[in-house]
Structures are given as C-alpha cells and as structure tokens.
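The structure under discussion appears below in the form of structure tokens.
The values are calculated or read from the model by the stated rules, or taken from the named source; none is laboratory data. Model, not experiment: these values are computed from the prediction. Every residue, glycine among them, receives a Cβ derived from its backbone with ideal geometry; neighbour counts consider all protein chains shown.
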Amino acid sequence: MESLEQIRDRLLSRYPGAELSILNNPSPSAQHSLVVGGSAAREIAAFLRDDPALQLDFCSNVTGVDWPDKEIVETTRTTIPDPAGGPPKLVEQKTKRIQPGYLEVVYHLYSMALKQGPVIIRMRTGNRTDQVTLPSLTPVWRSGEFQEREVFDLFGVVFDGHPDLRRILMWDEFKGHPMRKDYVEPDDYEWEPTPHDEVLAKAKAHYPAPAAPAAPGANAK
Amino acid sequence: MTDSANTPTPLSDADRDELRRQGILLTSLEELYNWGRSHSVWPLQFGLACCAIEMIAASMARFDIARFGSEVFRPSPRQADLLIVSGTVTKKMAPQVVRLWNQMPEPKYCIAMGACAISGGPFKQGYNVLKGIDRYIPVDVYIPGCPPRPEALLNGLMTLQEKIRGQKLTGPNAPRHLRADDACEYPVPEFGETDLVPPTNPEVWQPPTIVRPDKP
C-alpha cells in the first residue's frame, strides 16, 4: 500500500488547491493521519474510495475529538550586556497566547477489496462555537450515517449534507453536547458509600460535615 | 360462655400436618389463591443490558427457571406478571420502562436485577443513567450483583414467591389489585433539557436522609 505521503502527493496533483497536511502519530502504532481541509473533503473522500490503487470502500469508524482552547506559555531568553562590564544578564520573558480550540472528526478507512488499511483522515472545524460545520461524508460512505449523528449528538459538529442529522443517543429535547471537555453535567449528586476524586468534592458540597466539636486527635489519621 | 370461647382458635401447622397425614387437606381460599399466583409468575420478555444475559441463562436448561413456574416469558406486557428490570436504565429508556409497567395488568411485581437497576451502579454519577428504577415504579425484590448470577435471580424469584404467599386478601396490606384506592397507574416521565421531568415519582420514592458520620 502507498504511504500517506504518496497519497497526499497524488491528491495534491489531482486537487491542487486542497488543504492537506500529514499529522504524525509518535506512538508505537504510528498511525499517521491526513488532515483534510473542509472545502474539498467530499471530493477527496470520493477519490479515496474510487481510486483503483486505494479502493477505500469501508469506513470503519467515525469519531470526534474536542480540543479546547489551550494556553501556551512561550519563554524567550535574551542576554543583556551589563553596562558596568560585568557578566551579561540573562533575562527570561514569558509570553502567553491562547491557541484557539476546535473540534475534530476522525475517519478510519479500510479497503475490503484490496485488504489494506487503515487510512485515517481528519477534518477540523474553525472553532468550537459558531464555525462547527463540516461536510458530511455519509454520501461517500453510507456507514458514516449513524456515527456522524453520534458525533453531532455528543460533540456538536454539524454535518452539512447529512441525510438525517438528529440526536441519536440523547433524547431530542436534550441541551448540550456531553462529550465536550467543558460540558457541565447536571448537579444531581446522590449519596454514594465510597466517594472519591470529583465525586468526593460533590459529596462534600451536598452533604456538609456536621460541625463537630474539636475532639483531641480528630485530625489524626 | 366467655368471649374467648367464641373466637375460633386457629389451627396450628402441627395440627394441619397431622390432618394431612390422615388424608385431609385443609386450606384457606387465601392460601390457595396465593399458592396458585406464586407458582405461575410469568415474566416479561424484556432485557436491558448484561444482566439480561444472566436472565436468559436462568431461563435455559442449565438453571431452568421453569422449576419455579416462571418459564413463560411473555413478549407482551398485557400477559406478564413480573417485570425483571435487568440492566442499566438510561434516562432515555426510563419512560419506556414505566410505560411497559403501566401496560402490565395487576397483579404485577417488579424485580430490580443488578446494581444498575437498583441504584445506577457504576454509572450512578453519570449524566445519562437513571439512579435506580425504584424512583418511578415500586420494586418488590432487589437483587444485588454486577451482574447477579442466575442462582441469585432464582433466589430473588423465590423471595418474591414468599412475598406473594404472605400477602393478605383483605385489609390495608392487601396487594394493589385488591385495593380500591390504588389507581395502578404511574406517571410516565417526560424528557427535559438535562434530566427527566419529574426526576422522581414522589409517591413511590423519597430521597433518603443521609446522616454523614463524624469522621468521613
């Protein structure tokens, strides 16, 4: 099977304006993926399916990833020569910038005809609030229909061209997208015998400890 | 004559056994009625999650729930006596479970099978799982386990049979279908924006009062 770089180069020669880049996966699985820009994604997907050397006729999995806004701290070091003639001073300057978040949809493609794969393609939205529309690949691979509905339900990615875009796991009246990192679940904590971590914090908020008299040794473990 | 002579002395179990040895079977209508009911508890053919696999195993030849008269799993709630809530009840599924319960005719019983049906189990603090089916419908027998083994389900069924045999036909402790004041209809919750509306049926379930220990 061709490498991802060869596939990218063939795609670029066929679709010269396409936004394509390769995202390397540094883990041992080394499943590198192709990040596809939104505008020509459906033509590219159809090409991947129909190309005789690839024949990626099976979309095995569609999943979503939420990348929230990330604060990046960059440290720049500058040396300032001491006017008195001493050793130069090293000054560190930290600058913070916000890397805007986005939503990502990942497709795992295999070829049943040639028994090869996977080829992984990704698409990214502009941001996490109002530019969340991506082209649906359900017209190319029918198996994406329910999985794209799931990504729509749990992440809030709107798929343009999907035949039946509704919630699939949560009910229609539900508000919010539970798999997003910043989803705040309803505060309906109930007693649990062994709370820990986040549940313990909720437990303390809901059932505050009685104001016990400070007995000697009460703090001892 | 005194008052005590007028009241009939109830037959003790030893007397009854003695009579039975002599070929005389003495029983009451209540006992006969409950005996018949307790040995033909037909469950609804209804599974929700992995506990349903254990329920299916209990119904098959190895564990053989037919020994207890409950082998006739009915595909229609109209013909079922027992609702085995076998598995996780998601908030999306809960209205359907309550609706099935409403469609079952009295007398009917409910077994909450497994940790999820009892309390939400490992998913209790999740946003999408009901924290126990007992907040919408009355549960007769709780079977703990994750999932409970088929023997545990059989034990739960035997517990339910004991409960049926102990029911009186008259008085305040009579089963629901013999009481005029019980409507036998439970409100089906609606879907809200984050949770079911209402989140519980207060006539069936009240939140427990938790007393936090001094040393948490």
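One table, with the values for the structure above:
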item: Residue pairs meeting the criteria (Cβ under 8 Å; at least 6 apart or on separate chains; first facing another protein chain (nearest Cβ under 8 Å), in the stretch B:179-208; second surrounded by 11 or more Cβ atoms within 10 Å (Cβ to Cβ) and among the hydroxyl-bearing types (S, T, Y)); result: B:T194/B:Y127; B:P207/B:T200
item: Single residue of the stretch B:119-130 satisfying the filter (at the interface with chain A (Cβ under 9 Å from one of its Cβ atoms) and more than 13 Å from A:E185 (Cβ to Cβ)) that is nearest to the chain's Cα centre (by Cα); result: B:S119
item: So A:A18, is it more than 19 Å from the chain's Cα centre (by Cα), modelled with pLDDT under 90 and either within 27 Å of A:R142 (Cβ to Cβ) or of a type in the set (K, R) (or both); result: yes
item: Test: residue in the stretch A:153-162 that is at negative phi and part of a loop (DSSP other than H, G, I, E, B); result: yes
item: Those residues of the stretch A:117-142 which are assigned to a loop (DSSP other than H, G, I, E, B), over 18 Å from A:L154 (Cβ atoms) and touching a residue at least 60 places away in the same chain (Cβ under 8 Å), in sequence order; result: A:P139, A:V140, A:W141
item: Condition check for B:D81: modelled with pLDDT under 90 and of a type outside the set (G, A, S); result: no
item: Residue selected from the stretch A:69-88 under the condition among the hydrophobic types (A, V, I, L, M, F, W, C) and part of a strand (DSSP E or B), by the criterion farthest from A:T129 (Cα to Cα); result: A:I80
item: Matching residues in the stretch B:58-88 - criterion: being in contact with a Phe, Trp or Tyr (Cβ under 9 Å, 6 or more places away or on another chain) and under 17 Å from B:G120 (Cα atoms); result: B:I84, B:V85, B:S86, B:T88
item: Residues satisfying the stated conditions in the stretch B:87-120, i.e. part of a strand (DSSP E or B), closer than 17 Å to B:T159 by Cα and touching a residue at least 40 places away in the same chain (Cβ under 8 Å); result: B:Y109, B:I111, B:M113
item: Qualifying positions in the stretch B:143-190 - crowded, with 20+ Cβ neighbours inside 10 Å and not β-branched (V, I, T); result: B:P147, B:P148, B:P150, B:L153, B:G156, B:L157, B:L160, B:Q161, B:P189
item: Looking only at the stretch A:26-37, and only at residues there that are among the aliphatic types (A, V, I, L, M) and not in a loop (DSSP other than H, G, I, E, B), the one that is surrounded by the fewest Cβ atoms within 10 Å (Cβ to Cβ); result: A:V35
item: Answer residue from the stretch A:131-147, given it is under 18 Å from A:D51 (Cβ atoms) and of a type outside the set (V, I, T) and is surrounded by the fewest Cβ atoms within 10 Å (Cβ to Cβ) among those; result: A:P139
item: Restricting the stretch A:169-181 to residues that are surrounded by 12 or more Cβ atoms within 10 Å (Cβ to Cβ) and within 10 Å of chain B (Cβ to nearest Cβ), the residue that is nearest to A:A45 (Cα to Cα); result: A:L169
item: Residue count, the stretch A:38-59 (criterion: more than 15 Å from A:D9 (Cα to Cα) and not in a helix (DSSP H, G or I)); result: 9
item: Of residues in the stretch A:182-221 being surrounded by fewer than 12 Cβ atoms within 10 Å (Cβ to Cβ) and at pLDDT 80 or above, the one farthest from the other protein chains (Cβ to nearest Cβ); result: A:D182
